[in-house]
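Enquirer: Pasting in a structure now, in structure tokens, and then I'll have a few things to ask.
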Amino acid sequence: MPFCERLTEQLAIVATVDPVNGLSAATVSDVFSMSLHRRAMFILQTGATVGTGILCNIQENPAAAFTAGTATILTLAATACTATDSQYLFEVSGEAMGLNMQYLRGQFTPTGATILSAVVLADVERYHPASDRDLASVVSIQAAN
């Protein structure tokens, strides 16, 4: 079995921020439930322009609806991503989440026009096939054996 097929059996894309060119306001990823996963990894990708930086916050919440004042920021401090053409990784363990916190999302707030995208991968769901809630919009996966 090709590596990419084995990988998709073990990981699911649970949230995304589609590529954005010239973003100058906050954008958030999809919201997903960590009750189904042990770990999640947020991968932020920056393009040729990042303004003067991107404020990156991984947020947890007890409900799927994130409203002002309900989300808790999981990142130890406000993480400013300033490098162009780079990747930033943020990992979250289900055990690290607060009491009654179940849902996660990433919030990315640039200062100035910015090019970015993000993908969130989570490990295999404990009680369902990973494909049940996989948001992947992959056009093509090819393996050369």
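Enquirer: Only residues that are in contact with a helix residue (DSSP H, G or I) (Cβ under 6 Å, 6 or more places away or on another chain) and either at pLDDT 90 or above or exposed (fewer than 14 other Cβ atoms within 10 Å of the Cβ) (or both): list them for segment 8-33, please.
Expert: None - no residue of segment 8-33 is in contact with a helix residue (DSSP H, G or I) (Cβ under 6 Å, 6 or more places away or on another chain) and either at pLDDT 90 or above or exposed (fewer than 14 other Cβ atoms within 10 Å of the Cβ) (or both), so the list stays empty.
Enquirer: To continue, here is another question. Among the residues in segment 119-128, are any closer than 19 Å to Leu23 by Cβ and modelled with pLDDT under 90?
Expert: no
Enquirer: Looking at segment 38-119, what strands (runs of 3 or more DSSP E) fall wholly within it and have at least 1 residues that are small (Gly, Ala, Ser)?
Expert: Hits in segment 38-119: 39-50, 79-81, 87-93, 103-110.
Enquirer: Report every pair of residues separated by at least 6 positions or lying on different chains whose Cβ atoms are under 9 Å apart, first residue within segment 47-66 and at positive phi and touching a residue at least 24 places away in the same chain (Cβ under 8 Å), second part of a loop (DSSP other than H, G, I, E, B) and of a type outside the set (Ser, Thr, Tyr).
Expert: Gly51/Gly112; Gly51/Ala113; Gly53/Gly112
Enquirer: In addition: Please indicate, with yes or no, whether at least one residue in segment 66-76 is within 15 Å of Gly106 (Cα to Cα), touching a Leu at 6+ places or on another chain (Cβ under 9 Å) and not β-branched (Val, Ile, Thr).
Expert: Looking through segment 66-76, at least one residue is within 15 Å of Gly106 (Cα to Cα), touching a Leu at 6+ places or on another chain (Cβ under 9 Å) and not β-branched (Val, Ile, Thr).
Enquirer: May I ask you to verify whether Asn61 is surrounded by 16 or more Cβ atoms within 10 Å (Cβ to Cβ) and modelled with pLDDT of 90 or more?
Expert: Yes: the conditions hold for Asn61.
The values are calculated or read from the model by the stated rules, or taken from the named source; none is laboratory data. Model, not experiment: these values are computed from the prediction. Note that we place each Cβ from the backbone using ideal geometry, even for glycine, and neighbour counts take in every protein chain shown.
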